[in-house]
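The values are calculated or read from the model by the stated rules, or taken from the named source; none is laboratory data. All of these numbers come straight from a predicted model, not from anything done at the bench. Positions of Cβ are generated from backbone atoms using ideal geometry, with glycine treated the same way; all protein chains shown enter the neighbour counts.
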Amino acid sequence: MSQQEPINYVEFPAKDIPATKQFFQQAFAWSFVDYGPEYTAFSQSGIEGGFYLSDLVSSTKNGACLVVLLSDDLEGSEQRVINAGGIISQAIFSFPGGRRFHFIEPSGNELAVWSTVKANIA
């Protein structure tokens, strides 16, 4: 099956672009290229995107879509989010097929990180 219009790029609002860049660099090793003081593009994230200067935030509470990152070490990812200054808004919880947590980054955007449930190998 050919994919005609795959998701190619995602953009988020950011109240504090420098703080947001520092957070994602520290927590997830994303790379950034600035395009003036009101926009920065990111890569090394699984999908490319950017942050634009805005007082708005992306949150499921206001109906925004939830971007979910994949992790092989959910607890390690959670600790990196905390160490980088993120706020855990929903602690790790289980759901059919995996576990995840939600966090708020310095500009107020909500994202999540999930991990698959690994079968015990005897």
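Scanning region 102-122 for residues that are among the aliphatic types (A, V, I, L, M) and under 22 Å from Ala29 (Cα atoms), which turns out surrounded by the most Cβ atoms within 10 Å (Cβ to Cβ)?
Start the filter on region 102-122 by keeping residues that are among the aliphatic types (A, V, I, L, M), which leaves 104, 111-113, 117, 119, 121-122.
Next, only the ones that are under 22 Å from Ala29 (Cα atoms) stay: 104, 111-113.
Working: Ile104: 17, Leu111: 21, Ala112: 15, Val113: 23.
Per the stated criteria, the residue is Val113.
Would you point out the residue of region 30-46, among those that are within 21 Å of Val81 (Cβ to Cβ) and exposed (fewer than 13 other Cβ atoms within 10 Å of the Cβ), that is farthest from the chain's Cα centre (by Cα)? Checking each candidate, the answer is Gln44.
Please give the strands (runs of 3 or more DSSP E) falling wholly within region 1-63 in which 3 or more residues are within 22 Å of Ile104 (Cβ to Cβ) and at pLDDT 95 or above. Break it down into steps so the answer makes sense when it comes.
On the way: elements: 9-14, 31-34, 39-43, 48-53.
It comes to 9-14, 39-43, 48-53.
Checked across region 100-113, the condition of being closer than 15 Å to Lys21 by Cα and more than 15 Å from the chain's Cα centre (by Cα) holds for no residue. Scanning region 74-88 for residues that are under 21 Å from Ser107 (Cα atoms) and either outside any strand (DSSP E or B) or of a type in the set (S, T, N, Q) (or both) yields a count of 10.
Condition test on Ser77, is it surrounded by 15 or more Cβ atoms within 10 Å (Cβ to Cβ), within 15 Å of the chain's Cα centre (by Cα), on the phi < 0 side of the Ramachandran plot and not charged (D, E, K, R)? It is true that Ser77 is surrounded by 15 or more Cβ atoms within 10 Å (Cβ to Cβ), within 15 Å of the chain's Cα centre (by Cα), on the phi < 0 side of the Ramachandran plot and not charged (D, E, K, R). Any idea which residue in region 103-122 is modelled with the highest pLDDT, counting only those that are assigned to a loop (DSSP other than H, G, I, E, B) and of a type in the set (A, V, I, L, M)? Within region 103-122, the match that is modelled with the highest pLDDT is Val117.
Residue-wise test of (1) in a helix (DSSP H, G or I); (2) on the phi > 0 side of the Ramachandran plot; (3) in contact with an Asp or Glu (Cβ under 8 Å, 6 or more places away or on another chain); (4) of a type in the set (A, V, I, L, M, F, W, C).
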site: Leu69; (1), (2), (3), (4): no, no, no, yes
site: Asp72; (1), (2), (3), (4): no, no, no, no
site: Gln90; (1), (2), (3), (4): no, no, no, no
site: Phe101; (1), (2), (3), (4): no, no, yes, yes
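Tell me the residue from Ala64, Ala19 that is farther than 26 Å from Asn8 by Cβ and surrounded by fewer than 19 Cβ atoms within 10 Å (Cβ to Cβ), please.
On the way: Ala64 fails: farther than 26 Å from Asn8 by Cβ.
Unique residue meeting the criteria: Ala19.
Can you spot a residue in region 90-101 that is touching a Lys or Arg at 6+ places or on another chain (Cβ under 9 Å) and surrounded by 15 or more Cβ atoms within 10 Å (Cβ to Cβ)? Give the derivation first.
Our first condition is that a residue be touching a Lys or Arg at 6+ places or on another chain (Cβ under 9 Å); within region 90-101, this holds for 90, 92-94.
Okay, now just the ones that are also surrounded by 15 or more Cβ atoms within 10 Å (Cβ to Cβ), so 92.
Checked against the condition, which is being touching a Lys or Arg at 6+ places or on another chain (Cβ under 9 Å) and surrounded by 15 or more Cβ atoms within 10 Å (Cβ to Cβ), region 90-101 yields at least one hit.
Looking at Phe24, is it free of Cβ contacts under 8 Å to residues at least 60 places away in the same chain, surrounded by 16 or more Cβ atoms within 10 Å (Cβ to Cβ) and not aliphatic (A, V, I, L, M)?
Values: free of Cβ contacts under 8 Å to residues at least 60 places away in the same chain: no; surrounded by 16 or more Cβ atoms within 10 Å (Cβ to Cβ): yes; not aliphatic (A, V, I, L, M): yes.
The answer is no for Phe24.
Being at negative phi and touching a helix residue (DSSP H, G or I) at 6+ places or on another chain (Cβ under 7 Å) is a description that does not apply to Phe23.
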